[in-house]
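To start, the structure itself, in structure tokens.
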There are 2 protein chains.
Amino acid sequence: MQKKITLTEDEIPESWYNIVADMPNKPLPPLHPGTHEPIGPEMLAPLFPMELIKQEVTADKWVGIPEEVREVYKIWRPTPMFRATGLEKMLGTRAKIYYKYEGVSPAGSHKPNTAVPQAYYNKQEGVKRITTETGAGQWGSALSFACQLFGIECDVYMVRASYEGKPYRKIMMNTWGANVYPSPSERTQAGRSILAQDPNSPGSLGIAISEAVELAMQADDTKYALGSVLNHVLMHQTVIGLEAITQLEKAGDFPDIVVAPFGGGSNFAGIAFPFLRYNLEEGKSIRCIAAEPASCPKLTRGVFRYDLGDTVGMTPLLPMYTLGHNFIPAPIHAGGLRYHGAGAIVSQLLNDGLIEAQAFKQLECFDAGIKFARAEGIIPAPEATHAIATVIREAQRANEEGTSPTILFNLCGHGHFDMASYEQYLAGKLVEHEVTQEEIMASLAELDTPLI
Amino acid sequence: MQKKITLTEDEIPESWYNIVADMPNKPLPPLHPGTHEPIGPEMLAPLFPMELIKQEVTADKWVGIPEEVREVYKIWRPTPMFRATGLEKMLGTRAKIYYKYEGVSPAGSHKPNTAVPQAYYNKQEGVKRITTETGAGQWGSALSFACQLFGIECDVYMVRASYEGKPYRKIMMNTWGANVYPSPSERTQAGRSILAQDPNSPGSLGIAISEAVELAMQADDTKYALGSVLNHVLMHQTVIGLEAITQLEKAGDFPDIVVAPFGGGSNFAGIAFPFLRYNLEEGKSIRCIAAEPASCPKLTRGVFRYDLGDTVGMTPLLPMYTLGHNFIPAPIHAGGLRYHGAGAIVSQLLNDGLIEAQAFKQLECFDAGIKFARAEGIIPAPEATHAIATVIREAQRANEEGTSPTILFNLCGHGHFDMASYEQYLAGKLVEHEVTQEEIMASLAELDTPLI
């Protein structure tokens, strides 16, 4: 039995897949936060280069990947796919389990799949500097890497609590030449106003987004980049699923279930959308499951309505499954999944019943992560453990029901920068975070944004 | 131009290459530390399983890799080879530069290449527990990973200074189920005697070896494992160079120079020995360069004589280029290169003029590492930066001489667990460590071991 299914660099996809072309109901447009009118591409021009804005709104089914981007992809793509023979044995399951491993990228996650084209298109249009936010640092390090390769300055606003508590991701960004600032900072109006209220503010992703957006709005040669949620970001990640299709063909297999962790949507979209195409085009019925943290359950317990992307209100209103933009997720270790809303495309697909969502508590996820590390040898990022927990549940269900599904999941990153969280788990000190229905309702009650 | 040269899992080598078969002068035998008589295989039986002892002394040119070991190798092998297009451009060099990237292994370095077969042969012979030492933790984590996969208990004695100062590698070992003890410990006679003299001893690799060996000697179901120096360990690493030969064939190229970092010899042997075979068999003249730290210069400033493998004197005497077993290397960040001696095979090859050695200071290495990270995207381990520094020197020399050599080097691991050292470098706080001729002479003067 084949353990690893590899591809050559010639087999890196030549186009990204844009699921919008195949969706029965298209995603709703973003709205202006003041007028609540749909905003056109031109209003995004201060933030993004025109080519990315075109990708954000295109109806084309396939968008060509520039050769310069494919050249950089070759540093880590095609990524390997593995049959999880060790995990299957440990679980004693009848299910066949495969995983696509994105942790081989220089930044250690799937994030460079979009950081690289974003840096490339900015470079093409003469942009000198890109601003962004980062929480635990996965996205910030991916963008630092990409900007370094294309010779663009990169300013990362890192949530102060992470900046101080998780210094190694910051140093990784510095190693790639980026400037990293703790957020809230004195460098922006948004940051100064927060610090005036609370000089010791630990910061939040929402505040950091506001700072990065504010700076990009002010300078002609500076743009902004986002690591998930938006349509073009999700599309860039489809290289994962497109490669996976080729790899499963080589293995003579096809999935019944596709699973990925869920934060803003790019991880899930990356592996699931190319398979969803078989459902939408050919009437297949692959189950695509988004695995979110129980402490930030926008898909399983949020509402579908327009909401802001940040807390301060500098972004357009997006149609989202959301917990409300003032919802503050508990400090779980899967920092990449701590976001209040889901992107427009994924939200529409969920609303239309075309994908599924499941929520997982932190301890179940780390238990799954340890099992996986011992069975397969790879230590997963806390985000990735959500997918593993899903797979273990589905494998157990298969055993109970006497079925033998083929399951594919996205092992989106390694856990080398997350060893402190594993230490807490192994020492029995990892705490569970609950969110009550009252807390969710209170956060949603604050929204005055348009309903859908 | 091809950036990445990949192989399929069918192209993982089926045999390891034993260079002893091709050496004009065979390595000298180990001697009993008391009698100074050559020791036979049977005297190693308390420490190693018989199959590894056979490999230690075999004259066979090829040793078959068990299918169970190849199955585990498939988790990360074949490893990718890259053309260093970004570095070539940054250096403006006429040289062609390739690197073999071993950082894709679960432990992040080349060490699992030998940890896996060592765990496998121990399992075959019914061993229940393996003891070992580790400094910064690369070897300890590789053996923890391998023991977990084969269901063997793993006890790692970790130099106390690293245990306390670099906790994340320790947690990685725990994640793979290993027991990790700070050394010196109260668990051994060796440890207790050191602690009696100095309760605050920071420990050393030599002390940790003594503890691990002592425990393996005491129990029938317990053996010991070493991560470098010994013949069988070097042989296991030849999968690196054997794959590299196939990859360069696919790229239509062949190296003039092969470079690797040098600690005890396994990193260097892994990539260089399969190429040295062309020199020994066919009269080619590939330059094979071992890159060692200037602060631990056994190859460039040590002497070739018998010496102990540890400080306490529990190991056989080995024929080594050595700085003396009491030599305490400065605390450079390339912890994996801080060993006083070179293995018997490499020492013989150097003595016979069949390989070269160069020494590099820490700042030059980190400068090379930052250059590489920015040009190629991969952050190298501090050990690996020694090879990169060599390559940069050779590329500059090629430019001066108007030649266009093809250079291959071993990028033996990633730097994800070494970000604190990059932080020091970027902040201008990294100190240089010098070793004077007087210090080396004083250490060597203490030796009363047999001359060669």
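General remarks:
The rows are residues; the columns are (1) in contact (Cβ under 8 Å) with a residue 12 or more places away in the chain; (2) of a type outside the set (Ser, Thr, Tyr); (3) part of a strand (DSSP E or B); (4) within 10 Å of chain A (Cβ to nearest Cβ).
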| site | (1), (2), (3), (4) |
| --- | --- |
| B:Cys147 | yes, yes, no, no |
| B:Val156 | yes, yes, yes, no |
| B:Ser162 | yes, no, no, no |
| B:Lys170 | yes, yes, no, yes |
| B:Val180 | yes, yes, yes, no |
| B:Arg192 | no, yes, no, no |
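- Unique residue being surrounded by fewer than 24 Cβ atoms within 10 Å (Cβ to Cβ) and either at positive phi or among the small types (Gly, Ala, Ser) (or both) when the list is B:Ala208, B:Ala219, B:Ala136: B:Ala219
- Counting the residues of the range A:74-114 that are within 23 Å of A:Leu52 (Cβ to Cβ) and within 11 Å of another protein chain (Cβ to nearest Cβ) gives 8.
- Which listed residue, of B:Ile240, B:Ile245, B:Ile271, is under 21 Å from the mean Cα position of the chain (by Cα), surrounded by fewer than 24 Cβ atoms within 10 Å (Cβ to Cβ) and more than 21 Å from B:Pro319 (Cβ to Cβ): B:Ile245
- Subset tally (residues that are within 14 Å of chain B (Cβ to nearest Cβ) and of a type in the set (Lys, Arg)) for the range A:27-73: 1
- Residue pairs meeting the criteria (Cβ under 6 Å; at least 6 apart or on separate chains; first at pLDDT 95 or above, in the range B:386-410; second among the aromatic types (Phe, Trp, Tyr) and buried (at least 21 other Cβ atoms within 10 Å of the Cβ)): B:His386/B:Phe360; B:Ala387/B:Phe409; B:Ile388/B:Phe372; B:Ala389/B:Phe360; B:Val391/B:Phe409; B:Leu408/B:Tyr98; B:Phe409/B:Tyr99
- Selection over the range B:124-157 of residues that are under 15 Å from the mean Cα position of the chain (by Cα), of a type in the set (A, V, I, L, M) and within 19 Å of B:Pro182 (Cβ to Cβ) gives a count of 2.
- Taking the range A:7-26 as the range and being closer than 17 Å to A:His236 by Cβ and within 14 Å of chain B (Cβ to nearest Cβ) as the test, only A:Ile12 passes.
- Apart from one condition, B:Val229 fits all of (1) at positive phi; (2) free of Cβ contacts under 8 Å to residues at least 12 places away in the same chain; the exception is (2).
- Restricting attention to the range B:80-105, the residues being surrounded by 24 or more Cβ atoms within 10 Å (Cβ to Cβ), more than 13 Å from B:Glu376 (Cβ to Cβ) and not charged (D, E, K, R) number 1.
- Meets criteria (buried (at least 18 other Cβ atoms within 10 Å of the Cβ) and either in a helix (DSSP H, G or I) or modelled with pLDDT under 95 (or both)) for B:Phe304: no
- Top-ranked residue in the range B:414-452 [being among the aliphatic types (A, V, I, L, M) and within 14 Å of chain A (Cβ to nearest Cβ); ranked as farthest from the chain's Cα centre (by Cα)]: B:Ala427
The values are calculated or read from the model by the stated rules, or taken from the named source; none is laboratory data. Everything numeric here is computed off the predicted structure, so don't read it as measured data. In this analysis, Cβ positions are derived from the backbone assuming ideal geometry, glycine residues included, and neighbour counts consider all displayed protein chains.
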